[in-house]
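What follows is a single structure, written as structure tokens, with notes after it.
Derivation of every value follows stated rules applied to the coordinates shown; laboratory data play no part. What you see is a predicted model; the values in this text were computed from it and never measured. Positions of Cβ are backbone-derived with ideal geometry, glycine not excepted, and every protein chain shown enters the neighbour counts.
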Amino acid sequence: MRRLTLVICLLLATVTPVTAQYPSVRQGFWYGFGFGVGKGQVHCSICADQSGTDLTASLRAGGTLSKSWLLGGEFDFWTNSQDLVTRRSWSLSAVGLWYPWPAGGAYAKGGIGITGYHASDSVDVITASRLGLMLGVGYEWRIGKKYSLNPYFNYLYTLPGDLKFNEVVIADDARISSLQLGVGLVIH
């Protein structure tokens, strides 16, 4: 976590003078990717999830509706290995990004999609997947005519549903959540 914070601070220090040369212009097709840290977790009446903080990745692409609105799709992934258990959480969502100040880079993001969870110790497997919601905020600093540096924060949370242990339902009130803090690159 300290490394990511240091990288973000160094990038912000070098990017700020460059951003004045390239105004925020949103038009046409865009895509981006990012990496960071995060935590995925299962919540239910019988759950005692001990997930830790580990790596996340994000891919997104879409089109421009106006200077204030982008619409697209996003894939987010989190993985964690500890105590001989590997945990993974993923989400595939339709997202809308709203820029309240069209000339600036700050945005709020909302989305809906499918979220899944998988935990395995190479013998037993716990799985869940269901409809989920995404909320996020971020900022796009222009670092070139077509490129933006994008620090972001995402929160994903699902509706309750079945949690399976080796394909047998063991709980019907399981929810999946994920927090992500990352830095990405957006190509406009």
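Which ordering of Phe77, Phe153 is given by a fewest-first count of other beta-carbon atoms within 10 Å? Display every interim value, and only then the final one.
Details: Phe77 18, Phe153 15.
Neighbour counts put them in this order, fewest first: Phe153, Phe77.
If you rank Asp54, Asp76, Asp83 by fewest surrounding Cβ atoms within 10 Å, what's the result? Provide the component values of the computation, followed by the final result.
Values: Asp54 16, Asp76 28, Asp83 7.
Listing Asp54, Asp76, Asp83 from fewest to most nearby Cβ atoms yields Asp83, Asp54, Asp76.
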Using only the alpha-carbon atoms of region 29-99, report the extent along each of the three principal axes, biggest first, to the nearest angstrom. 47, 25, 17
Net charge near Ala106: determine it from the other residues with C-beta under 15 Å of the C-beta of Ala106, scoring Lys and Arg +1 and Asp and Glu -1. +3
Relative contact order for region 2-187: what is it in percent, counting Cα pairs under 8 Å that are at least 6 residues apart? 22
Using the count of nearby Cβ atoms within 10 Å as a rough guide to exposure, how do Asp162, Asp121 rank from fewest to most? Asp121, Asp162
Please determine, in degrees from 0 to 90 and to the nearest 10, the orientation of helix 2-19 with respect to the longest principal axis defined by the Cα atoms of the chain, where the helix direction is its Cα long axis. 20
Put +1 on the Cβ of every Lys and Arg and -1 on every Asp and Glu Cβ in region 2-187; which of Cys47, Ala171, Gly144 then has its Cα farthest towards the positive end of the dipole? Gly144
Determine the dipole magnitude for region 62-188: charges of +1 sit on the beta-carbon of Lys and Arg, -1 on that of Asp and Glu, nothing else is charged, the reference point is the Cα centre, and the result goes in debye to the nearest 20. 780
Over region 2-187, the quotient of the Cα radius of gyration and 2.2 N^0.38 Å is 1.12
Relative contact order (percent, whole number), region 90-188, Cα cutoff 8 Å, 6+ residue spacing: 23
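Using only the Cα atoms of region 75-133, construct the convex hull and provide its projected area averaged over every direction, in square nanometres to one decimal. Let's see the in-between values first.
Values: hull surface 20.2 nm².
Dividing the Cα hull surface by four gives the mean projection, 5.1 nm².
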